[in-house]
Every structure is written in structure tokens, then in C-alpha cells.
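What follows is a single structure, written as C-alpha cells, with notes after it.
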Protein chains: 4
Amino acid sequence: MVRVGIINVTGYAGAELARLLHAHPEAQLTGVSGRSAAGKPLAEVFPHLACYDLTIGEEVGDVDFVFSALPHAASAEAVAPLVRAGVPVVDISADFRLRDPQEYAQWYGVEHPAPDLLPRAVYGLTELNREAVRTSRLIANPGCYPESALLALAPAVKQGVIGPDVIIDSKSGISGAGRALGLTYHFAEADESVSAYGLAGHRHLPEMVQELAAMWPPAGATKSGRPKVTFTPHLIPMTRGILSTCYAPLAQGTVRSGEEIRELYQEFYRGEPFVRVVDSPPATKHVSGSNMCLVYPTVDPRTERLVVVSVIDNLVKGAAGQAIQNMNAMLGLPETTGLEAPAVYP
Amino acid sequence: MVRVGIINVTGYAGAELARLLHAHPEAQLTGVSGRSAAGKPLAEVFPHLACYDLTIGEEVGDVDFVFSALPHAASAEAVAPLVRAGVPVVDISADFRLRDPQEYAQWYGVEHPAPDLLPRAVYGLTELNREAVRTSRLIANPGCYPESALLALAPAVKQGVIGPDVIIDSKSGISGAGRALGLTYHFAEADESVSAYGLAGHRHLPEMVQELAAMWPPAGATKSGRPKVTFTPHLIPMTRGILSTCYAPLAQGTVRSGEEIRELYQEFYRGEPFVRVVDSPPATKHVSGSNMCLVYPTVDPRTERLVVVSVIDNLVKGAAGQAIQNMNAMLGLPETTGLEAPAVYP
Amino acid sequence: MVRVGIINVTGYAGAELARLLHAHPEAQLTGVSGRSAAGKPLAEVFPHLACYDLTIGEEVGDVDFVFSALPHAASAEAVAPLVRAGVPVVDISADFRLRDPQEYAQWYGVEHPAPDLLPRAVYGLTELNREAVRTSRLIANPGCYPESALLALAPAVKQGVIGPDVIIDSKSGISGAGRALGLTYHFAEADESVSAYGLAGHRHLPEMVQELAAMWPPAGATKSGRPKVTFTPHLIPMTRGILSTCYAPLAQGTVRSGEEIRELYQEFYRGEPFVRVVDSPPATKHVSGSNMCLVYPTVDPRTERLVVVSVIDNLVKGAAGQAIQNMNAMLGLPETTGLEAPAVYP
Amino acid sequence: MVRVGIINVTGYAGAELARLLHAHPEAQLTGVSGRSAAGKPLAEVFPHLACYDLTIGEEVGDVDFVFSALPHAASAEAVAPLVRAGVPVVDISADFRLRDPQEYAQWYGVEHPAPDLLPRAVYGLTELNREAVRTSRLIANPGCYPESALLALAPAVKQGVIGPDVIIDSKSGISGAGRALGLTYHFAEADESVSAYGLAGHRHLPEMVQELAAMWPPAGATKSGRPKVTFTPHLIPMTRGILSTCYAPLAQGTVRSGEEIRELYQEFYRGEPFVRVVDSPPATKHVSGSNMCLVYPTVDPRTERLVVVSVIDNLVKGAAGQAIQNMNAMLGLPETTGLEAPAVYP
């Protein structure tokens, strides 16, 4: 039994890790930390976690595996000594996602706390990076928006089916903003309303561009070697879920129909337990609470554009579930271990 | 491995049974029926149940245990031959809840299809009726409102703490109305709105009265032998969850304070895995997707009234979860088998 | 044209006053204050109020009529000099609702800032107190819960139809908690959830008891002269609206049926423009954005209890609309002036 | 006083017309029809319209002006004799929007019932078509999605700022689907979920293409004379509101910055009472219940794309409000007559 610790259990990603680990037959949650709530029973802060007899501590104690759900910068600081000591870590923060520390500094407004560890980090989108994940001891768990967009676009990009003009229009539930307070997230403000944000540049954009560029075939990319990505996130009045609608022009001489593109996607994801290519547009409700990603690729024949719709639960496949999937891969367990629960519907 | 069938898997209770059974280590769902969708793959009707490779049939086939999620009357007709053949059945419909077939006819508007089976049926509120459940082969699974109200009131009633003037004010999410269409359940009508219904008499009222009367101590009851219960259900704009607020006058010379009543409740439910007496008012979100019932009893000292608030997920503890708990008890398994998943929060 | 000022326009009640006054043909909003936002254009803080070319000030300036939407204590301090200077004031805070300054201190935890003005204040439930409102220059606008409960119960109380054991179970949208931040009001926490609060005693309780006691007929009341009221408010996942379900035993020898009680209510509210007695249970959506109160009285014949359901928009009939209705009465205008807009449905 | 009739008042657009007309000083609603509810008082079908003492009829009777809120095909059939008799009509259905009856037949699956009237019809996007609207007697009121997208794109298109590769990603509340029943609109299915639909081609697409093509400058358009538009509508869990996010490449040598594009838009919409160009991304809540459209244009400098976000209330500016604005223009009244009410926020 692997002893697992969660650093900063008091946010939504941390609590979701605890929820999911309860079903894991090979891992046992033995330590949880959280600065503001240190000393309190976990069940007091989160009544739904009364199944655990744990007290929130300053540290996670002696464990075999660590998840960090701290905010960026704080997370790298907290996990750096653990990584150096050889403890395997999945970092849910953004700290080890961007390979270039200068780009990190530009987007996050702070110097990277542990740039020397960046070369060791592996971007933990397991489906696209499985071999590297298995042998890594420091995983940068993907952001929730990149998770949904990269799974939606990867087959088309890797098969050279699309040109570089990519638009990603994402719709997220409000738990994606975390548990911190803000007028935008006040029920009376967020309810019955939808708005766009981050139009001047959201922090998940460079992550998407980095990963798309890395998988882009040489001829299809722009001169700079990077696809031209516009990303617009939106807040919609629900708690969980992200739907991303991705647009790109079809490259000449490739697929032309929805049937063709769905076959290509089905082939690409054949055997993947957590990605399902579906025949009709999916709803986020179909994946709520589960680690599934449903992908619906199609073609707009009037404009010869690829349109792909993907749905995930932002707290599971977009955070804690993906993190446990990475842990499973790192530990040599079947990736589905502890993650088999179907979505909670309706 | 027990082979399990679900009759009428296509409603919310049926689908929820399938979802929960997926985590059950001793039971395997082998047959699902549903008239309107017969012949379709289960995964087509319910994308979240793609984990099953099952086709919806006309019948559930050869199974060791049956859940019926049919509407009333149809359910008794369907399960009667099974019961007579010795197959253990948990009936989620109302058909075997009322012991008096005339009362059934009065409230449900049809003659009972199998009155001869009524004496064999046990009311499956496991916490209050455990021994009878264990030896029964026909369980009447409680209605969702009675489940929430009876767990809230049982300790006070059985300890003789309250007088007979009981008011139960319940607030339910809209999945309680089922998957059938109706203007009341149209999103644009139900959203941002709350309304009371069933004021002339809801079908769950006689069920509550029957069970409360049965547990009422002789001296405390009214002359007719039955407590005087007013029950008002309300529809609120959420999908899952019931909160019941129950009021009754304190009997003279019994408990006087919130602390005393909470102690009494904690003692009553000590060791129960699915009922937790809490120290502050609970929210339905604390139990969503799980089989837990949280109960908060207190006293209004200004009026010497007991006020008890209980919360459940209407589709789990109020239907499918309770049904599986009953199955576990009937099969001699630990009642928690397959039902350990914490609530999905937030 | 009456020049109107709103003190503390930056909360929901203040903003709602501004919204409603825009339709008022005899009043012109000329001054708005709000400490935290002083200096900002009103349209910047509230984009929906861009119809006004007003800047939020420290004071409301020279006006003929003042609404205060400040929190309690701060409100009495702010309006006391205005009242003493003869400016007519409607105070939306709780400061002038309780006639007894000691009771005020007990419930609100501060000494009353201007107890000398209490005798001048009139409780502004216009329908029940019309003559006093017309001649007053200091109106205590009712709390949102008392507004809904008193309109629901007044006909029965005044006609001596019920006994003193009153239970008020209210369900409120989240705007009732105001615009201040709190984890309870975070969308991800409040959405898809319902909870009870204030069980140890909500501040609107003494207000209800005071007003019910004042209208109670001598013989029907308890020895202490006060009805025995239990009040439980609940937060439900919607923005606007309160539904109150009120229970009381029918007094012997009075009405016995729903038809009788509805006739009595219809007679009581005949000619009232903002209270409508309806024939079937109402929904809050029927009054959203409007100054209407719908009341549905009925009888539970099994228990001989009166059950009354009322619905209002908590920000209109429960706050700003009632305040403008009071202003109209004070100014000798038809009470409906500026308040005719139907509810926004769906 | 103009006597107004509403054909098919029983849907959401019809009911919204009645709601808004109540505030109109120059128009009086004198007749309402609706096949299924004929003979019922309007207040029975819609409790929020109890302000009207009208009975729903088979016909609207003798009126000076007609709004039709019938479904397509039925609408043209119903209004054709009125138009021929000289009665001014605003048709909220799609029947007179597409100028080519063959395109109509292709998208709507029926022959156009009155193709001879098509040349008389004017597309009633008042802001873009004011002079024609004023002199017309048959207005095709725009679809809700085209309304939001055309107002978002018109300034950029007319000023030649963008290339023809246009993507419109729209998010709509569920009232846009109307009052008819369907599993997709059941609260338990739609709540806490988002989905895309109409990916194979939504009926509002040809309307957008027709109007964009008509305003496109010769050099900027594609060879076929039509911009290449991909349109993806999404259903989100709220009742009212549409947010459209529109993307297009900037044409070479035109505007480069968000400031420049906002100036261009402000100049374009200067003096328009119902379109406001805003400095930060708007929320649908800012316009709920009102006839306002807020437009936020910006530039993604990394990709040299125009991104425009617009918000409307789909039932007001997207249907009934726009219809009344058209009526006002046709009658020579100020366009704002009866439409001044601010949004209902929060």
C-alpha cells in the first residue's frame, strides 16, 4: 500500500484528490496539509470527507508519494526538496508545465522557484506522453483547459490534418476558479450569466501553444514553428465541467468528412480507457465526477474547417483524476486503478 | 458473484442503480430491461454507463436478484411472478410500502395488483428495520421523502420526546420527479424558482404516517393511534438532493436543549454507517452522489419545539443506494459493500 | 418632480432602488452614495444602470426624499440627522423595525444609535399599516422574510382563525444575503445545494413576533400575549425570490376548508394592487422582478391546520419595491406609481 | 393609442411581447391568440400577466398592428392575409428572413407559404437597416443568434477590417429553445451541463451569411461573394441570455490594437440607444430583461485576430424587444418608447 500525501488539501483540487483516493485499492491517504486549516479535522472542513480520520497538518509527514495542490510558485517551493530527496511528485500547479523559465516568469509574474528541476519534469497528459510519465518522478499535471483542448486537437495535429490557425473557445464551470472568494464567483453574480475572460491572454495559453507546437508536424506549422492559437475561456453557471470547442482549417488534401475524421480519432484513441470518441455532441453532464473525456470531431463542409468538441470534469480529468492516472502510470499500476467510477448523472 | 437485474433501467432510479452497482464487488449487473428503449445499448441511452457492455432487453433474463424501478402498479405486476418463484426482489416503486391495500387503492387510484404479497413485504428502511430486512425476500424500498423524514424523526419518536403534532417541510431537487417530461420540469420554468406542491395530499404522506404510527409509543399518540402529520414538498432548482425540516412539540418533561437532543440522536444512530448526526446544519451538497444521511436535531427554546433537519441524495439514499443497502443486508454482506464512495463535492 | 437620494447604492437593495426608480414618473434619482465606491460612475459599478449619468458620492446631496440601504446601526446613524431635519426617510435596514431598543440591542448586538426616533418610526408594511405610513416621515421598511410571512398570515390572524402555534418555513434566493463575500455564497458551494440556517434565532424572528402579536386578537394569543413562532430560513440555489410556507392550527369553530379560507383571504386583500390570492400554489418565478406578492392559503383537512404559501421577490416586494410603495403612500401618490412592471418570466 | 395584437402569445416570445408592451405608452395590447389555450384567460396561462384582463382567442381581432410569434411556416400563413390587407406586421418567426425561397425550403424543409411577400419584407435589425424598417409594413424580426452576431460583427465588416474567415461561437440560455417539451430541456438534464448542437448546420447560419454578405465590402469577400462562416451554438444552464464570441482575421493594414477597434466600434454605434460598446468583457446578466446589447471588441495581438464578445437577452433584444423597437420605428415613434427599463440585475 502506497502512503500518499496531499499538500494543500483545502482547495477544490486537493479535496477532489482525497475523494478519489478513497476508492484506490493500492494507495492510502495518510497525510494532508493546508496552512489556513492546520489542526482541524479534515471532516470538519469537508463534511463529505468524514470517511477519513485525518487531521490537517502543517506537513504531510512521511509518505511514499506526494500530490501538490498548492498555488503556483508556492507549489514549486514546497515540492522542490521532496523531488530532490527522491519522492515522486505530481504537481497540480502550473509550476512545471512551461519548459522555459523565462516564459514562466512572463506569464506568472514571478521568477521560477526551482528552474533546475524543469528538465526533470514531464508534462503529465498521460495519453500523449505515456512513456515519459512512467519513468518520471516529477509530473507537471496539465491545466484543465489545456487538458480539454489538447485531447481534442492531438489526433488532428499529429496526423497533419489541420492548418495552424487554431481557435479554442472553452466554457468552464465555476469550480475552476477555485475556492477563493471573489465577486465574480458570488452566486448572485455568476448565476444566470455567462461571460468571457482572459481575453488579453490566459495563463493556459502558453501551455497549449507549447504542447501543440511540440506535436505539430514540420510542414504544417507556421514559420515561427508555432501554431497560431487564440484561446477564449468563458465562465458559465455550473459547478463542474469544461466544454472546449476547437476550430482549425483542414489542410489541403486530407480528410473531408465528419465520418473520416471520426475514424481517424477513433483509431488514435483506440484502447485508451479515459478518452472516448463519440458519434454525437457530448454534454459535460456525461462525465461529471468521472475521469472520462468525450471527444466529438466533425467537419464543417461549408467552410472546410475541423470542429472538435470535448468535455471533461475540470476537477477530475482536468485535475485530480488526471493526477491519479499519472500516479498509477508512475507506480506501474493499471492507469484505471481507483478511477473506474462512472459519471454521476443526472 | 450475484447476478443482478434491473427492471426499467431507463428512469433515473434505474440508471442510478446501474451506476452504483458498478462499484459493487459481489454483484454483477447482467440484465437490464426498459420497454421504450428495448434493443438499444445501455451506453446509447446513458453515455455515462458506457462502462457496461449491455443491451436493454424486454426482460432482465436469468438473474439471482432483481431491482424493480418501474412505476407503481406496473412494478407489482412485474415482480409478483418473480417473488412467487423465490427470486429476492427490492421494489423501488410504492407498491409494497402501504400495508393496507385499501389505502393503496385510495392514494394510487388503482387496485393493488398483488395484495396477497403484501404480508411478505418488509419496509426497507434498513436502519430502522434491519432484522426484518435480512430475512425478507421482498423489500418495499422507501420513498425519498419518507426516507429523509423518518430518519430525521425516528430517534425522537421512539424515545417519546415529542408530541403528535408533526410538520414535515421538504425541499427536493427536480430529479425526484423522474425523467418524464412536463412543463413544471422544463429548465426555463423550474430554474430560478421554488414552489410547493401536493398540498392536497402527497402520496408519500400515508407512508410516513404508517411508519411513524408504528414506532410511536402508546401514550404519545393521538386517540386514533396516529400522529397528526402535515407534509409539504417543494421543488427547488437543483437536480439532486432532499432537505427535510421537521417540527414537533417537545413532550413535557423530556429533553430541553439542543445538546441533549443531539446526544440522544448520536446514541440512537451510533454505529450506523450511513447516518451521521452533525453539529451544524448540513447542506444537501455534503451528500450528493453518496448514500449518506446527515441529521441535525435541535430545539427552539422559545417555543419548546424540536426542529430536525436532514439531508440525503434523493437518488441514492432516497432510492438506489438504499436499495443496494437492502440487497446487502438480504445477502448477508456488510451493508456498506459497494456504497463507500464519498459525496461528490462541490 | 421629487428629488430622491439613495444612501449606499452599492448593495443589492440600493441598486434595486435605482433600477425601479428609473420607471417612476414623479421621482428623479439625483444623488447616490456608497463609501467604498465613492467617486466612481454608477454605470461602472453597475453596468445595468448605465441609463443614469450619476457619480457615486460620499453623500446624497440636497434631496427631497431619502432611502437608506445601509447595514443596521450605520443606517440609523446616517439618517438620524436627516429625520431630525424633516427629510422624509424610508430605512431599508432593520434599525427602526423593533419598537423596543433593548430587544434591538439583544438581537443586533449594538446599542440603538437613535432610540429617541423609534416612537416616530412606522413599520412600513403598507397593506397592513396604510394610514400610519401616509402620515409618517420615518418608515422602517420590513425585512424580506417578515414581508412574506406577515402578508401570508395577517388575514388568518386578524380574523381569529388560527391558534398561536405558528411555524414559518422560508426558502430564500441568495441575493438575500447581500453582495458581501462569504464561502456560503460562493457559486460552487451554493449551487445544487440547500441548507437551513439561523436555527438558533434569526434576526427577522422578533420582527415577525412583534407584528403578529400586535395584530393578534386578545383571546387567541398565548398568556404572554405573543404567538409562539418558530422560523426557519433556508438558502436555495437561485438569485431572487422568497417562498414562505406558514403553518398554524385552525381555531375551533372557524373555517374548515380551503375554499372558505381562500374566500376570507380574497375579501381581506380585495383592492390591494400588490397582493393577489391565488387558486393554486404559486412559484417565485411568477413575481421575479415585480412588486407582487402571491398568497395561496389552504387547509390540511387531515390535521385541521392552516397552510399558507406566499411568494415575493426578496429585492422588490421584500426590499426596494416595498420601499417605493411606502414613498408613494407618504407623498400622496397612487401606491402603484412606478411599480406596474409585470414580473420577468421565465 | 395603437391597438396591438399578438398571434400565438403562449410561447416565450409571445409572452415577452405582452410583458414589454405593458410599459408602452402608445400601444395597447387588445388581442392575443394561441391555438392550444384559446378560451383561457391570459392570467391563467401566465400568472405574471395578470395585469391584463384578456382572454386568449382564436384570432387577435380588429387591431392596428400585429406581432406574430408563431413557428415558421404557420406564421407566414397566418400573416399573409393581414399583410395583403395592409396591416403592419412584425414577424418573429424565420419566415421572411431569407430572401431566397429556395434557400428557405432547403433549411426549413417546407415550401415557403407566401413567396410573393418576400420582396416586401425588410430584415428588422433596426440599427443596421433603419431607413428600410421605417417605411416597411412587413418586418422579418432577426433570429436571436444572428442578432447577437451581426451587431458584434457589423462595424468590423462594414469598415473592411476583417477577412472572410469568420467563426461565431454562441452560448445560449435554454428559453431560446422555446416552451415545448424535450428531454434536452428537462431541468435534470440541462442543469449543470453544457453542450454544443446544430453542428451539421443551424438554421440561423444562412441568415447570418446572407446579412454579412450583404454588408461585406467587395474586395474583402470570398470569390463566391460570401464570407466563410462557421457557427456553433451551445446550450448553457441558464434561462435567458446569449453571449456570442466572434473571431475573424484582421485584414492587412487596418487596425492593430484593442483600443483602435473599440474606437471604431464606438464611432459606429454612437447615438444608438440599445447598443453599448464596453471597455471590459460583459456578462449576459448585465442585460437580462432589457433591450440592450453590449459589445466588447478586442484584438488578439499574438494572432492578429479580431475577437468580439456580445451579450443580449435572447427574449428581448433577441426577439420581443427588437420587435417592439421595429414597431416604434415603423410608427414614427422614438425607438426607445416602452423599452427604457434597465436590466434586472442580479
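List of remarks:
- Hey, A:GLY178 out of contact with any Leu (no Cβ under 8 Å at 6 or more places or on another chain) and more than 12 Å from every other protein chain (Cβ to nearest Cβ) or not: no
- Only a single criterion out of (1) farther than 20 Å from B:GLY5 by Cβ; (2) in contact (Cβ under 8 Å) with a residue 12 or more places away in the chain; (3) charged (D, E, K, R) is not satisfied by B:GLU111, namely (2).
- Subset tally (residues that are in a loop (DSSP other than H, G, I, E, B) and out of contact with any helix residue (DSSP H, G or I) (no Cβ under 8 Å at 6 or more places or on another chain)) for the range B:171-185: 2
Residue-by-condition table, conditions (1) over 28 Å from B:GLY173 (Cα atoms); (2) within 12 Å of another protein chain (Cβ to nearest Cβ); (3) of a type in the set (Ser, Thr, Tyr):
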| residue | (1), (2), (3) |
| --- | --- |
| B:ASN8 | no, no, no |
| B:ALA13 | no, yes, no |
| B:ALA18 | no, yes, no |
| B:GLU26 | yes, no, no |
| B:LYS40 | yes, no, no |
| B:VAL45 | no, yes, no |
| B:CYS51 | no, yes, no |
| B:THR55 | yes, no, yes |
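- Residue match in the range A:204-225 (condition: assigned to a loop (DSSP other than H, G, I, E, B), touching a residue at least 60 places away in the same chain (Cβ under 8 Å) and under 22 Å from A:TYR108 (Cβ atoms)): no
- Residue list for the range A:68-119, restricted to those being buried (at least 18 other Cβ atoms within 10 Å of the Cβ) and among the basic types (Lys, Arg): A:ARG97
- Given (1) open to solvent by 10 Å² or more (accessible area, probe 1.4 Å); (2) touching a Lys or Arg at 6+ places or on another chain (Cβ under 9 Å); (3) more than 9 Å from every other protein chain (Cβ to nearest Cβ), number of the condition A:GLU260 does not satisfy: (2)
- Qualifying residue in the range B:243-257 (condition: within 19 Å of C:SER170 (Cβ to Cβ), at the interface with another protein chain (Cβ under 9 Å from one of its Cβ atoms), in contact with a His (Cβ under 8 Å, 6 or more places away or on another chain) and not hydrophobic (A, V, I, L, M, F, W, C)): yes
- Residues satisfying the stated conditions in the range C:6-24, i.e. in contact with a helix residue (DSSP H, G or I) (Cβ under 6 Å, 6 or more places away or on another chain), among the aliphatic types (A, V, I, L, M) and assigned to a helix (DSSP H, G or I): C:ALA13, C:LEU17, C:ALA18, C:LEU20
- Residue check for A:ILE236: touching an Asp or Glu at 6+ places or on another chain (Cβ under 9 Å), facing chain D (nearest Cβ under 10 Å) and buried (at least 24 other Cβ atoms within 10 Å of the Cβ): no
Yes/no per residue for (1) within 13 Å of chain C (Cβ to nearest Cβ); (2) buried (at least 19 other Cβ atoms within 10 Å of the Cβ):
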| residue | (1), (2) |
| --- | --- |
| B:TYR265 | no, yes |
| B:THR303 | yes, yes |
| B:LEU333 | no, no |
| B:TYR345 | yes, yes |
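- Here A:ALA23 passes the criteria (1) out of contact with any Gly (no Cβ under 6 Å at 6 or more places or on another chain); (2) surrounded by fewer than 19 Cβ atoms within 10 Å (Cβ to Cβ) except the one numbered (1).
- From the options C:GLY31, C:GLY61, residue that is loosely packed, with under 15 Cβ neighbours inside 10 Å and out of contact with any helix residue (DSSP H, G or I) (no Cβ under 7 Å at 6 or more places or on another chain): C:GLY61
- Selection within the range A:185-196 - out of contact with any strand residue (DSSP E or B) (no Cβ under 6 Å at 6 or more places or on another chain) and within 8 Å of chain D (Cβ to nearest Cβ): A:ALA188, A:GLU189, A:ASP191, A:GLU192
- Condition broken by D:ILE168, with the remaining ones in (1) in a loop (DSSP other than H, G, I, E, B); (2) over 29 Å from D:PHE65 (Cα atoms) satisfied: (1)
To keep it simple, each residue is scored yes or no on (1) surrounded by fewer than 24 Cβ atoms within 10 Å (Cβ to Cβ); (2) over 25 Å from B:HIS234 (Cα atoms); (3) under 13 Å from the mean Cα position of the chain (by Cα).
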| residue | (1), (2), (3) |
| --- | --- |
| B:VAL122 | yes, yes, no |
| B:THR135 | yes, yes, no |
| B:LYS158 | yes, yes, no |
| B:ILE168 | no, no, no |
| B:ALA177 | yes, no, no |
| B:ALA180 | yes, no, no |
| B:TYR197 | yes, no, no |
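- Count of the range A:286-299 residues which are open to solvent by less than 10 Å² (accessible area, probe 1.4 Å) and facing another protein chain (nearest Cβ under 8 Å): 4
- Residues located in the range D:302-331, provided they are β-branched (Val, Ile, Thr) and under 30 Å from D:PHE65 (Cα atoms): D:VAL311, D:ILE312, D:VAL316, D:ILE324
The values are calculated or read from the model by the stated rules, or taken from the named source; none is laboratory data. Remember, predicted model here, so these are calculated numbers, not experimental data. Note: ideal-geometry Cβ built from the backbone for every residue, glycine included; neighbour counts use all protein chains shown. Accessible surface areas use protein heavy atoms only, side chains included; no ligands, DNA or RNA. Shrake-Rupley method; radii C 1.70, N 1.55, O 1.52, S 1.80 Å.
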